[in-house]
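Only one structure is covered here, and it is reproduced in the block below.
The values are calculated or read from the model by the stated rules, or taken from the named source; none is laboratory data. Note that the structure is a prediction, hence the values are computed from the model and not measured. Quick reminder, even Gly has a Cβ in these numbers, built from the backbone with ideal geometry, and neighbours come from all protein chains shown. Accessible surface is based on the protein model in full, side chains and every heavy atom, while ligands, DNA and RNA are left aside. Shrake-Rupley method; radii C 1.70, N 1.55, O 1.52, S 1.80 Å.
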Amino acid sequence: MSERSETKHSVERRDVLKALMLAPVAGAVLASTGCTVAPEAGRQAITWTRLPTQYSYARTDVEKQRDAALFAETFFREHELVTIAVLCDIILPSDHENGGALAAGLPDFVEFMAKDRERYKLPLRGGIAWLDNYSLDNFGARFVEADNKQQLAICDAIAYPDVQDEALQPGIAFFSLMRNMTLTGYYTTELGFRDLGYVGNTPNIWDGVPDAVLARHGKSYDAEWLAKCVDQSRRNIKAEWDDEMNLIT
Amino acid sequence: MADKEYDIIIVGSGAGGGMATYQLANAGLTVALVEAGGYYDPAADEQRTQLRNPWESPRRGASTRRRPFGDYNACIGGWDLDGEPYTQKGDTEFMWWRGRMLGGRTNHWGRISLRFGPLDFKRRDIDGLGENWPIGYEDVKPYYDKVDKLIGVFGSNEGLYNDPDGFFLPAPKPRLHELYYIDGARKLNVPVYPARKSMLTKRINDERGVCYYCGQCSRACSIHADFSSSTALIYPALRGGRVDLYTNSMVREVLTDARGKATGVSYINKEDKKECTLNGRIVVLAASACSSARILLNSKSAQHQNGLGNSSGHVGRYLHDSTGASRAAFLPELMNRDIYNEDGVGGMHVYTPWWLENAALDFPRGYHLEIGGGMGMPSYGFGFAANQYNDYLGKRVGGYGNGLRDDIRRFYGARLSIACRGESVPQYDNYCELDPTVVDEWGIPVLRFNYQWTDYEINQAKHMQDSMEALLEASGGILLGDKPGAERNYGLAKPGEIIHEVGTTRMGLDPKTSVTNEFGQLHDASNVFVVDAGTFVSQADKNPTWTILALSWRASDYIVEQMKQQNI
Ligand SMILES: Cc1cc2nc3c(=O)[nH]c(=O)nc-3n(C[C@H](O)[C@H](O)[C@H](O)COP(=O)(O)OP(=O)(O)OC[C@H]3O[C@@H](n4cnc5c(N)ncnc54)[C@H](O)[C@@H]3O)c2cc1C
Ligand code: SF4
């Protein structure tokens, strides 16, 4: 990614948060009601798309019970959830035609995954605490209460795994985890599908790589191989063979 | 129905049980099919996971303890079942995957459907290791032929001696990353052919649909276009009216009379926890290799003090799994690809069968290569380490902001992977037995595993790693991760992990060193049969299921014949 595009979007972030507070997120697909967490001292409220808490997709009874129990539990404290929201929003900003982390409901997703996978709980909780300590040490305020420039300075320090500074390693590990969660949580929504241009997961007829793509990659199907492949115009004709194992329909 | 006497009681509804049910019911016999799991049909919307979008799952398809291969995988079961433990002796690391559902593991298997070849039945003749099968390819060939036609498998006839031709449906065309692999393999003179898998690329009957290429066979196909024992064998058998299906019924033991012959089975009805009995003239075990061994070991009586069929002490012995190792590469030429739907059938469209001579190598048995990659559907884990390949482009890894979207696009589908699946040498000392103290939630003694790989498998894994490296690089790939060395057994998968466990009730001519005859009939009780992979003498470098199906059909024909002759 280029430094320039980051800075540009980041500068606008506060405005976006304001806008989010005023109106429901445009293009939000997963739920319609916004979740507003009360503003902390001197801050704008931050809003994100709420994810559903009920799902119906071929679960066994024990699986249903477990998921219901997870949804009934609250793991993150309000301050932690706001911190997650602010971080996710920095990682995948909202000022994009396909929405960002908040439109994709990231804080709710992270909350669910933390409950679903015990092994995420401590790294997330501890990571947030580390972030606040670091922010307090450097700027005298917890991360969400630091100003935008300060927040980005912190992110710049911990967003790159090649940084060797030992003192920063816990922060780097936490940021990598948050980047993973944010991207996975975003690209597994309709917004993410659109952003990627994903077109699968639907009945269709696979008849090989499109010609233009073959040409672009300098590849081709050789005739001998193609002779072994499906003639899709005959797929519905029942298969019959001769005694020599040759398909004759 | 406790007083009813069935002609046949079949335990387990996977590949072996489904085929036996279909054949024996169609032969006019009354059948009780007893299955520990519940009823399952992926065509029913309340059981369908196919074609669901990731956001229909709160965890976006992530795995859980109860769905180890992902939230949408069609396995009710897995490595770690509620109330059904197993144990390990010493430093054994055997992993045991079980399905608990109608159709067993055929609901979510990979559908790679390979015949064994003539050499695979006679390995001892070639390398002096293990044992020959009491039968040869010519005995099984007619059944492979019939299985091909009944169930449907795509592939191509290549005239390879040990990877025999079949009655194939036409193959799907290779995807782009597979074309890269084909070119890479050819550069190294490694053969590559269309894969052989049981999805219907062409109609075979009026009941089952024709594949519409969603790439999600592991979620089970709602139009029944891929082979599952339930959809292709058990439903048709149930329609015939001679089969009573007992689901949620966990068989504890085979019951025998004073002469040592089976009279039926006892099982626990998991719904009301009650112990029940079924009476039958013949008992067919198809609970999967280890589960059938467990049932036999638990069927102790005055006549069968070591467990039923175990006068030889061989029940549970010679347990063996396929070997496995894998490697992946980043394919720079696939960066910034055009995006189109290339889902195809679930998994690979091309593969490489074993292509070398073992005599010239330091390990006795071969392996085949399975090819992976492509523009899969995002699900949990997508976007992790999003721009790690930046490393290879001289760019910085990590960061934040909208630029990450470009990274995701740039690297989407730019990956090629290979998984090797090989043959291990069966060992007497690799076995499952009853744990002396541990029981499951119904009080049934559980299995304890004893298993160590030998140098045969470890040397083979070393060779796998070299082959994969060479092939991935020849295909234009930059290798990812470190090459596992001796300290990690060259990346050799744990025993059981490849989920091709076989051999626990092996067939043979000598009742002192085998459990069944060539038809899966117990040497010690003529009216008890095993039709799962327990009877395998050796597992070949092929996946087992097509052979389970062929042998189960062969055993069924034998049962019908023997009943006609009133021998059983
Ligand atoms: C993810 C995955 C991928 C695979 N890919 C391939 C592949 O590509 N090619 C291939 O050839 N093979 C593959 N396999 C292996 C294949 O699934 C098995 O070889 C095959 O299903 C074995 O058939 P089976 O009849 O022996 O047993 P199973 O299919 O395991 O069925 C056994 C049934 O018996 C029931 N049962 C067990 N104990 C009892 C009891 N005490 N009482 C009543 N019922 C009981 C179980 O609930 C189960 O339903 C794969 C397996 C997995 C899990
Ligand atoms: S790829 Fe074909 S056979 Fe497999 S689930 Fe999709 S439609 Fe069914």
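Brief remarks on what is shown
- Nearest-10 value in Å² for the accessible area of B:ASP455, using the 1.4 Å probe: 100 Å²
- Distance between the stretch B:166-230 and the stretch B:376-405 - C-alpha centres, whole angstrom: 31 Å
- Computed magnitude of the charge dipole of the stretch B:405-523 (debye, nearest 20; Cβ of K, R +1, Cβ of D, E -1): 440 debye
- Residue-averaged 222 nm ellipticity for chain B, from DSSP H runs of 4+ at -39500 (n - 2.57), nearest 500: -6000 deg cm²/dmol
- Note: relative contact order over chain B, using C-alpha pairs below 8 Å and six or more positions apart, is 22 percent.
- Residue order for B:THR547, A:THR60 - accessible surface, 1.4 angstrom probe, largest first: A:THR60, B:THR547
- Buried on assembly, the stretch B:201-239 (at least 20 Å² less accessible surface than by itself, 1.4 Å probe): B:THR201, B:LYS202, B:ARG203, B:ILE204, B:ASP206, B:VAL210, B:TYR212, B:TYR213
- C-alpha center-to-center spacing [the stretch B:288-363, the stretch B:505-568] in angstrom: 19 Å
- Between B:LYS122 and A:VAL213, the C-beta separation translates, for a Förster distance of 56 Å, into a calculated FRET efficiency of about 0.75.
- Gain on full stretching of the segment that runs from B:GLU333 to B:LEU129 - 0.36 nm per residue minus C-alpha separation: 69.0 nm
- Exposure ranking of A:LYS149, B:LYS149, B:LYS197 by accessible area [1.4 Å probe, largest first]: A:LYS149, B:LYS149, B:LYS197
- When A and B come together, around 8300 square angstrom of accessible surface is lost from both chains combined, probe 1.4 Å.
- Shape category assigned to the stretch B:1-105 from the gyration tensor of Cα positions, a/c cut at 1.5: oblate
- Rounded to 5, percent antiparallel among DSSP beta bridges of chain B: 70 percent
- Per-residue accessible area (protein heavy atoms, 1.4 Å probe) orders B:ILE498, B:ILE559 as B:ILE498, B:ILE559, starting from the largest.
- Taking all protein chains as they are arranged and a probe of 1.4 Å, the heavy atoms of B:ARG65 leave approximately 110 Å² accessible to solvent.
- Pairs from A:LYS121/B:LYS270; B:LYS146/B:LYS300; A:LYS64/B:LYS202; A:LYS228/B:LYS462; B:LYS261/B:LYS564; B:LYS4/B:LYS564 whose Cα-Cα separation, in the structure shown, is over 30 Å: A:LYS121/B:LYS270; B:LYS146/B:LYS300; A:LYS64/B:LYS202; A:LYS228/B:LYS462
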